[in-house]
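Everything on this sheet refers to the single structure shown next.
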Amino acid sequence: QVQLVESGGGLVQAGGSLRLSCAASGRTFSNYIMGWFRQAPGKEREFVARINWSATYYKDSVKGRFTISRNNAENTVYLQMNSLQPEDTAVYYCAAKIPGHALYDYWGQGTQVTVSS
C-alpha cells in the first residue's frame with residue numbers, strides 16, 4: 001500500500017511559478033512510475049507529466065514550462081511549474097503506478113492550483 005500526499009498548491013498570478021510536492025509512504029517508492037494529473041472544473045482529469053525512474057513525459061501544452069522530478073531517497077516527486085497560465089487552474093493529483101499495470105494504482109487527495117489573469 002502506498003499513501004501519497006500532495007502539497008504546494010496555491011494562488012498565483014499568470015506568469016508565476018509554483019512547485020508541487022508529493023510525499024509517498026512505503027519502502028519501494030523507487031520502483032513506481034510516478035505521474036501528475038489535473039482536473040479543472042467541469043472537465044475530465046488529464047495527464048500532465050510522468051517520470052519512469054529517469055525518463056520523463058509531458059502533456060504537450062506544458063512542455064517547456066513544467067518539470068517533473070523525483071528524489072527516491074526522500075520518497076518525493078515534484079512538479080515545478082513555470083510561466084503558469086489561467087488554463088493551468090485545476091486540482092493537481094499525484095499518482096503511482098506499478099510497472100506493467102495499465103492504470104495508476106494509488107492516488108493522492110489533490111492540491112488546488114489557481115492562476116489569476
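The values are calculated or read from the model by the stated rules, or taken from the named source; none is laboratory data. Here the structure is a predicted model, which is why all the values come from computation and not from measurement. With ideal geometry, Cβ positions are generated from the backbone for all residues, glycine too; neighbour counts draw on all protein chains shown. Areas reflect the complete protein model, heavy atoms only, side chains present, ligands, DNA and RNA absent. Shrake-Rupley method; radii C 1.70, N 1.55, O 1.52, S 1.80 Å.
Give region 43-74 a look and list any residue that's modelled with pLDDT under 95 and in a loop (DSSP other than H, G, I, E, B), or say none.
Trp53, Ser54
List, please: which pairs have Cβ atoms under 7 Å, are six or more places apart or on different chains, and start with a residue in region 95-109 that is more than 17 Å from Tyr78 (Cα to Cα) and part of a loop (DSSP other than H, G, I, E, B) and end with one that is open to solvent by less than 60 Å² (accessible area, probe 1.4 Å) and among the hydroxyl-bearing types (Ser, Thr, Tyr)?
Note: pairs meeting the criteria are Ile98/Tyr32.
Would you please name the residue that is modelled with the lowest pLDDT, looking only at residues in region 17-32 that are open to solvent by less than 20 Å² (accessible area, probe 1.4 Å) and not in a helix (DSSP H, G or I)?
Ala24
Hey, among the residues in region 80-108 that are within 17 Å of Met34 (Cα to Cα) and touching a helix residue (DSSP H, G or I) at 6+ places or on another chain (Cβ under 9 Å), which one's surrounded by the fewest Cβ atoms within 10 Å (Cβ to Cβ)?
Pro99
What residue, among those in region 67-79 that are in contact with a Lys or Arg (Cβ under 8 Å, 6 or more places away or on another chain) and not β-branched (Val, Ile, Thr), is most open to solvent (accessible area, probe 1.4 Å)?
Checked region 67-79; the qualifying residue most open to solvent (accessible area, probe 1.4 Å) is Tyr78.
Residues Pro41, Pro99: which one is farther than 17 Å from Ser21 by Cα and touching a strand residue (DSSP E or B) at 6+ places or on another chain (Cβ under 7 Å)?
Pro99
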